[in-house]
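Data first, discussion second: the structure below is written as structure tokens.
Each value in this text was obtained by applying a stated rule to the coordinates, not by laboratory testing. This structure is a prediction, so every number in the text was calculated from the model and none was measured. Glycine gets a Cβ as well: all are built from the backbone with ideal geometry, and neighbour counts include every protein chain shown.
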């Protein structure tokens, strides 16, 4: 159940947010600290505002959950989940891998996802039941059933909470071919396009992961929480994505210990 | 003592290497493991070969030290130090931040440096005693005298050897505003362009750091080893670059413990 007009709207949201974000990219924007001491700028807030205005105008009955400006009608059948700048630290330091994340959930399940990279001019569009598109061309994950051959991305080995979570990542890291860090949400696009095999992260918010689901699934990959459950608004924030279902199962087994 | 024709040659090397690298970027290239288990591809070898041929043709008396194909005449007055693909893991996984690093050393001192990013179409050119250029425009570091306000980049917190080296990085990391990972050599360009304040790395080879010196210095920054000594072929591989000389001193003091 993915209404065509909502797919078109998702694209318009990305266009609108991209225009705002690029207006501020690599300029001397003021940086505020949020309650969790993560940074935020006017680009985040203004881009989210622009997207929310478009949603309110087109579908005043849809819900919205935004990274910066909170939730309205979060119990609606259709809920938009927005991160205007995912990878804010990358954005602030002029590193072009940050992205705009846009998801549409239908009864809790992500059915449309956009990962847009304004500074790179790249966009991934995923729609439930359809092939994922990367800059207008179909994207496919690659086969890689074995951990020993897998390239693994995570934003940072320091994103895992000390204790069982960090220990699980360390176990997995030792089993793969190469762990690589610092691609932000771009890592999931690289996975969808068949350049990397595995992305494992934690302490993620719904705004960070909902948009990834249709993109990864539509490219032939598997993305769930570390227990293998579907991702939605109430997930734990532990995310595992693999281009190959066998690799997904093998990696989950290692994480489980 | 920077001969004009050598600056022009450095640019031609970058153009030649860029053409080779982009021919292989995001294609299914075979990946070999080097003795240190780091990956290498035909793109590395062919790009270095192309640069070496241009140097041999123009200056058969110049020395060459290359990441993949070894050293010739390393005791010459002028020595080229080449890394055809810095950030090979980024290159292999389709992450566009990898770079081509080209340095010309005069009696051991880096006097020309190029950081070229083929997939981004971006280039930094540094020449001793002259302003650094970023895509043809002058680049300047920004003022940031205090650790507490500094944005710090490193490729990975795991690049430091366990023991005093890793401990020193952990001490520093706790003192800065935000540590960020995974920009590869792009971090030094971001520093030269005034978007980040500090880059601290270790286990670097001369091919990894020589090209950075003229770029960072020509933009107003300071780059040395962790003890504050000038970087050359025989350095320890511990590198610290800061946009502000006061920050460089403060960070070095924390690293020294």
Pairs of alpha carbons in the protein assembly as shown whose separation is greater than 32 Å (percent): 42
Cα gyration tensor category, rounded, prolate or oblate, for the stretch B:150-257 with a/c compared to 1.5: rounded
To the nearest 10 degrees, how steeply does helix A:164-175 sit against the main Cα axis of chain A, on a 0 to 90 scale? 60
The chain B residue whose Cβ lies closest to the rotation axis carrying chain B onto chain A, with that distance rounded to whole Å, is B:182, 1
Put a point 7 Å out from Cα along the line to Cβ at residue B:203; what are the distances to that point in the other copies, in nm, shortest first? 2.3
Given label points at 7 Å from Cα along Cα→Cβ, what nm distances, shortest first, separate residue B:26 from the same residue in every other copy? 2.0
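If you take the square roots of the eigenvalues of the alpha-carbon gyration tensor of the stretch A:1-156 and sort them as a ≥ b ≥ c, do you get rounded (a/c under 1.5), prolate (a/b over b/c) or oblate?
Because a/c hits 1.5 or more and a/b fails to exceed b/c, the stretch A:1-156 counts as oblate.
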Using a cut-off of under 15 Å, list every residue of the stretch A:13-34 whose amide N is near the label point 7 Å from the Cα of residue A:57 along the Cα-to-beta-carbon line. A:13-20
Take the alpha carbon atoms of the stretch A:100-152, find their center, do the same for the stretch B:180-233, and report the distance between the two centers in whole angstrom. 34
With chain B treated as a Gaussian network of Cα nodes joined by springs under 10 Å, which of B:78, B:153, B:181 yields the largest mean-square fluctuation? B:181
Going by alpha carbons, how many degrees (0 to 90, nearest 10) lie between the helix axis of A:245-256 and the longest principal axis of chain A? 80
Which distances in nm, rounded to one decimal and ordered from shortest, link the label point of residue B:109 to the equivalent label points in the other identical copies, with labels set 7 Å from Cα toward Cβ? 6.8
Taking the protein assembly as shown and counting helices only, DSSP H stretches of n ≥ 4 at -39,500 (n - 2.57) each over all residues, the nearest-500 ellipticity at 222 nm comes to -10000 deg cm²/dmol
